[in-house]
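Structure, as structure tokens:
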Amino acid sequence: MSVTDQAFVTLATDDVYCQGALVLGQSLRNHTTSRKLAVLITPEVSSGMRSVLRSVFDEVTEVDALDSADSVRLALLQRPELGVTFTKLHCWTLTHYSKCVFMDADTLVLCNVDELFDREEFSAAPDSGWPDCFNSGVFVFRPSLKTYNLLLQFAAEHGSFDGGDQGLLNSFFSNWATADIGKHLPFIYNLSSSAVYTYVPAFHHFGRDTKVVHFLGATKPWNYKYNLQTKRVMQDGTTSGSFHQLSFLALWWNIYSASILPLLEKFQKMEESESEEWKHTFRGVEITLKKVDPSVANSLQMHVLPEQAYEADPTASSSEELSFKAEFNWR
Ligand code: UDP
Ligand code: GLC
Ligand code: MN
């Protein structure tokens, strides 16, 4: 039974975060959600990527980027790039839905989580860094222009204590910690993959029930290398991860390589086989798959594994270390 007035909503302000949104959307589909899938994007997202998004999401909505521009507080968070997370507030404008679950583009569902819609606004799980705050990577809300305007007004008057949406939302829904335990989502609905080793015994005890993994932090799944043959995520000097974190990363990459890459390739092929005119429409969004220069291997790149480029990383010293890295370039 499909429920058309409720949706999972995510946000991607550029083609990089779209990779995460696509994997999240696919993971929700894999676990046969009965709810709609919506993604908010900003003008920066290329039209090629929009086509790919439309094949996974029911609704792709362009919104204006909102930025806290609060460099001082963002520096405290050590995440200067997160001012743009204010764009998340646009989710309250999706008033054709009666209730929604927002999920960050760096989350992944491991099973069906439609029961989240039994919760009320504002439900969220504790933040692993400060458990009296909720983490704003997964939350239940009711779209409402009134709430949206109140949030914008609150932002203008008070700003956000972390420079991103999480500080703002925690100040706005300030009684979350104390008022209603029903609005505390269990941690397994927003398990920070890096928090696992701050309490390993709890992870051993409860971890198998994890329903949503959140790759919170500056290093995202798409910043790792992945070996297609061994289906293993590779670690290098700049990335680290426990066994459990690596297995969550491998899950992300399995979905990416099995379902998202073929979509990206399909759209690329369509582009190649279409008329000049169609190509012209896509000029600005040409997908070029090429190997990355190892000297820039750790910078923020797409790691796309095109059929024609399955070659060993020239820096790899043994077959065990074979990995693939390609630059993904829409423009
Ligand atoms: N986001 C985005 N573009 C950006 C930064 C963030 O679209 O440049 C969105 C995306 O949905 C992302 C969310 O905002 O998952 C929150 O950012 P992030 O997940 O990087 O923060 P973290 O959870 O690591 O604190
Ligand atoms: C958090 C949340 C993320 C939010 C960011 C900025 O760590 O995981 O969703 O965008 O803080 O407030
Ligand atoms: Mn996140």
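The values are calculated or read from the model by the stated rules, or taken from the named source; none is laboratory data. Since we're looking at a predicted model, the values are computed, not measured. Every residue, glycine as well, gets a Cβ built from its backbone with ideal geometry; the counts of neighbours run over all protein chains shown. Heads up: the accessible areas ignore ligands, DNA and RNA and are worked out on the full protein's heavy atoms, side chains in. Shrake-Rupley method; radii C 1.70, N 1.55, O 1.52, S 1.80 Å.
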* Asked: When you look at Leu216, is it within 16 Å of ligand 2 (Cβ to nearest atom) and either part of a strand (DSSP E or B) or farther than 20 Å from Gln26 by Cα (or both), yes or no?
  -> no
* Within region 25-44, track down each residue that is closer than 20 Å to Ser259 by Cα and of a type outside the set (Lys, Arg). => Gly25, Gln26, Ser27, Leu28, Asn30, His31, Thr32, Thr33, Ser34, Leu37, Ala38, Val39
* Structure fact -> Listed by first then second residue, the pairs whose first member lies in region 162-173 and is farther than 11 Å from Leu77 by Cα, whose partner is open to solvent by 30 Å² or more (accessible area, probe 1.4 Å) and more than 9 Å from ligand 1 (Cβ to nearest atom), with beta carbons under 6 Å and at least 6 positions apart or on separate chains, are Phe172/Phe154
* Asked: Pairs under 6 Å by beta carbon, first residue closer than 15 Å to Ala7 by Cβ and among the basic types (Lys, Arg) in region 97-125, partner away from ligand 2 (no atom under 16 Å from the Cβ) and part of a loop (DSSP other than H, G, I, E, B), six or more apart or different chains?
  -> Lys99/Arg142
* **Residue match in region 98-116 (condition: within 15 Å of ligand 1 (Cβ to nearest atom) and farther than 25 Å from Val213 by Cβ)** => no
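Quick one: which strands (runs of 3 or more DSSP E) lie wholly within region 1-87 and hold at least 2 residues that are open to solvent by 10 Å² or more (accessible area, probe 1.4 Å) and within 14 Å of ligand 1 (Cβ to nearest atom)?
Ranges flagged: 59-62.
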* Asked: Which of the residues belonging to region 159-183 are more than 14 Å from ligand 2 (Cβ to nearest atom) and either over 27 Å from Phe117 (Cα atoms) or touching a helix residue (DSSP H, G or I) at 6+ places or on another chain (Cβ under 8 Å) (or both)?
  -> Trp176
